[in-house]
1. Can you find, among B:147, B:129, B:306, the residue sitting farthest towards the positive end of the charge dipole of chain B, where Lys and Arg contribute +1 and Asp and Glu -1 at Cβ?
2. Enter the angle in degrees (range 0 to 90, nearest 10) between the Cα long axis of helix B:226-236 and the first principal axis of the Cα atoms of chain B, meaning the one along which they spread out most.
3. Inside 10 Å of the C-beta atoms of A:360-373, what's the mean count of C-beta atoms belonging to other chains?
4. What is the Cα radius of gyration of region B:18-63 over 2.2 N^0.38 Å, N being its residue count?
5. Using the 10 angstrom Cβ neighbour count as an exposure proxy, how do A:325, C:106 rank, fewest first?
6. In vacuum, with every alpha carbon of chain A counted as one equal point scatterer, what does the Debye formula give for log10 I(q)/I(0) at q = 0.06, 0.09, 0.13 Å⁻¹? Two decimals, please.
7. Give the distance, in whole Å, between the Cα centre of region B:275-333 and the Cα centre of region A:147-213.
8. Ranking request for peptides B:132-145, C:261-274: highest mean number of other beta-carbon atoms within 10 Å first, then the rest in descending order.
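What follows is calculated from the coordinates using simple rules that are stated; it is not laboratory data. Please read all numbers here as calculations on a predicted model, not as lab measurements. Cβ coordinates were reconstructed from backbone atoms using ideal geometry, including for glycine residues, and neighbour counts include every protein chain displayed.
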Amino acid sequence: MLRIRYVTLTTLLLIFALVLTACTTVPAAPAPAAPADAAATEAPAAEAPAPEGVTELRITWYNDGNEGEVLRDLLDRFEADNPDIKVIIDTVDYASGIQQTLPIQLEAGEGPDMARVTQLGIVAKYMLDLRPYLSNPEYWEANFGPFLKWMQAEPGGNAIPGFMTQLTVTGPFINRTLFEQAGVAVPSDSSDQVTWQEWADAARQVAEATGTFAMAMDRSGHRLAGPAVSMGAKYFNDEGYPALVGDQGFKDMAQLMVDWHADGTMVPEVWIGSAGSYQAAAPYFINGQLVFYMAGSWQVGNFNTNIGDAFDWEAVPNPCGPAACTGMPGGAALVAINTTKHPEAVARVMEYLTSEEVMNEFYARTLFIPGHLGLAEKGVDFQAELPQTMKSLSVFSAEVGKLAPLAYDLQAYPFNTILFNANRDRLTQVFTGELTLDEAIQRMQEDIDAGIAGAQ
Amino acid sequence: MTGIGEFLTRTRGRGRLDGSDILTYAYLTLGTILMFLPVLWLVFSSFKTQAALLRFPPDLLPYDQKSVMVEGYDQPLPLFNVTMPDGSVRQLAQVRRVGLEGQMVDPASPGEIIKVNINDREELREVRLAWENYTEPLQRFNFLVYLRNSIVVTVAATIITLLINSMAAFALAKYEFRGSTFIFILIISTLMIPISVILVPVFLVITGIGWNNNLWGVIIPGAATPTGVFLLRQYMLTIPDELIDSARIDGASEWRVYWQLIMPLSAPALAVLAIFSVMWRWNDFLWPLIVLSRSELFTLQVGLASFQGELNTPWNYVLAMTVMTLLPITLVFAVLQRFITTGIATTGMK
Amino acid sequence: MTAKPQRTPALPPERVPLHARIGHFFYLIYAGVMTVLGWLAEPIQRLIGAARMPYFFVLPNLLIFGLFVLFPMLLNIYYSFTGGNNLFPQDRPFVGGQNYQQIFNCANLFDPATCREDRFWRGFYNTAFFVVFQVGGMVVLAMLTAVVLNRSIWGRSFFRSVFFYPVLLSPVVVALIWKWILQRDGLLNALLVSLGMERIVFFLNANWAVFWVIFISIWAQMGFYTLILLAGLQSIPRDMYEAADMDGANRWQSFRGITLPLLMPTLLVVLVLSVIRAVQVFDQVWVLTGGGPGTATVYVVQYIYETAFANQTRQFGMASAASVVLGIVLLVLTLIQLRAGRQSDIA
């Protein structure tokens, strides 16, 4: 009896072992003999360990679309021409991989050679200055100058840690087909300076006529910042320290958001349906349920694939407030990490990737707004056919030049994520009635103070 | 097997079929639907295209728009049922859509373009499994490598956990020794602390040892589970001491007592811990992600999550990859379910 | 030893089933490995004597436990007295009790809105609520299911597996499955609409969100406890019921008088294990609601996780202080449970 029961247990355990031995030559069970070492040396053929004399470089990367495939393509060509360097892309998910665990790995000195990151201010202290290894630093300064500022730990530095894989600019998309069905004129067709309230009124009319949602904004303080700056928000005091209490412009925009959630203008679950994380409203837009969607240039590739020509979607210029008509810049950068043992090799890869021809191909195939000033001026020959896509890309490219100076300052501010997350989470508590707007702004300030104090 | 009649009356010594049996089956049927339907829905949904996923009300089966190759066009064109001005319905392929107007062709006579109001056309759909939800993400990475890493971690960790936990539980259950109470209280007091709370300090220890990017760094830290020691000790307390004493009188060493007597007698409790351990390790996500940064060492959970971007989550891939992580553990369960459920059911932990 | 005596019919000796043969094969491997390990253990016994062998047995577990559980926890306590966002303890400035002061900086401890760290206290009370209702609801349902499965019914082992299956799913998968069903355009709303009812956006309403969070974690874990309770039920001797039957007791009376008291020890194990799981609730809810709407489903572990990782300043000190506060509360709870368990053993 006991013997039989015991036997079933060992069977359970050891069938696992059998599966294991079928998959690998590692003698794993019952005495696990160094599976880790074996796994490390027995890497698959595609990622075989580098032979003698070949430098192996690692990029920690994440994907929003097809950019990983494009990069791999480009790097394959590089490796063919440079047999002494091999570049491996380790793809992780953004939220837990790039945002949460990469900084800890970097701090422990266990980072990769290069990484694609978005929170440039916070990762800046782990970045490697490539300047001494570059053959032509002037090229970098000329083409990436303003963005290099975002990657420098100290203001006024001249480090060259990397380049922008994409420049993003926030701005709204509309579903023109819904406007046509509702018989409502698209406000931006007749005016260059449409206010946020005018857009909201028009979108509400369309939504009522077509049974859809009027507006949505990604759940993000960064998305809110463009409209807020337009409404006259200052965000900083005279010393350059974040000061939200008494910032009338910010409060005006926040009040608009509160009203729009109260009266059903905004899709409620985007902001209210979450408490501590980013949420995109793209599915509503893709599904044709949304008239006006405040997102940004990165959605063009997504809509190109997933909407196609199912309806007429397009980006429109950022709406206006009393102070400006601006969105927010942003983007992701590929940067060198200062713990790399092969800075020269890293610099060679970087130089290859940033050469005008390669950059052009990268941006053209990924449908990213170029973060390369030379290409931005010449225009990238995007590989897309849809008129909706081409129009949206040109709207966003034009928006880059129209951004308010404060928008750039906010993006360059190293602790902006603290600021944006506090905005996002505290404002949500106003929508649900847990806080009043004044209390929420007070809380935001406290969160920001605590966060910055902790970071310094 | 004896007669059906006896079979039905076996438990609790009550011999009559009555209303409570109907209630019983009603409850079990409802329970089965509630337990299985959500998972089935996930599997069904994972075969839908992104467009079909966003449809409301959702279809039960995965539909996709029918398309057809038309002479003179490189790409297959989507098919529509079009209501013509005279009221007849024709099947046309759409070349392109301009505003509110669709430019269509008849697949039989592709020469002539027919212009149609988009409200007069209806997609022609067919049932099609969107295998690309599976094949596209799987092509991007080496599924077999992730699977192997997951199996190595799960099996090695489970064996180590069972071995060292049972040794410790044996000592704590069957010996009086100085410090035993202290050790037990120490272990018990950490029973309730969620591991995510001490993630950072554990990572520091791993870095100190140099186990970054090493599967040992994933396997070892979770091996000394307080829950395991607690469960096994409680179970071993029920084993009569006389058995051990008589084994000793027969000249067995303490180690022999442990592996030849105690372990077989504790098999049910070990089975429970084995299941726990397999589940924990197989499903673990955050810890492997911190320790491992090289993709050839990624476990299945880490690898399959890697297509989730900053700004977009492709739901069709998320659902398909979720099914992929479910599949191996479900297969193992299907094969071994009898052992697993009876294993737990005979534990009778006290 | 518990057993379910007549259930497995004895096998005729000449027919050894395949799984037993495979099992025997693996038993030989097990025996081989254990014998080899014995070559280490037995000389040690000769060296230190049988009385000291328990130290040998606890040593491997204790080493790993000390290095990867206990030491990190002590480090965690030290962290809670430091500030800044550096990783290594030597780089972190000592700030004394500042983090604790901030946590307990409340006008009224029972009203989270008056606290500086209001999210911690909201999480704290949400967790307490969750533990009570999730554990309560689950134990009742698991008990009911176990009683039903203990009847002589057709397909019992099938139903046992059905109820157990969700236990195998990871919290993230469970959350994804249900998110997919409960969202605005999900299956449940399609059902409601087809029945002529209004659509409900469940995760916009705090009460619904809390309900579903509790419901789903019961769904995911119940099977395990059902099986444990089933085992307990099966260990109750049948003649006790027969005796009660003859005394004219009805089913409810025999359940109250026999089943419940004899099941008490099993119930205690179930209670301890399920409270542990409930207090640690995090990943499932994090994927399902992200803590929303507002902060209705923010739980303590989520607060700790966000403070340490998700917020870009990574306030380890604050997170550690919160985890120490949580740990003290849990320790007290565990001790109470153990005390209760010991008393019921005596009874």
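1. B:147
2. With both axes taken from Cα atoms, the answer is about 50 degrees.
3. Details: counts 0, 0, 0, 0, 0, 0, 0, 0, 0, 0, 0, 0, 0, 0.
For peptide A:360-373, the averaged partner shielding equals 0.
4. Values: Rg = 15.7 Å, N = 46, 2.2 N^0.38 = 9.4 Å.
Ratio of Cα Rg to 2.2 N^0.38 Å: 1.67.
5. Neighbour counts put them in this order, fewest first: C:106, A:325.
6. With no solvent term, the Cα-only Debye profile gives -0.32, -0.67, -1.18.
7. Measuring centre to centre over Cα atoms gives 35 Å.
8. Descending packing order for the listed peptides: C:261-274, B:132-145.
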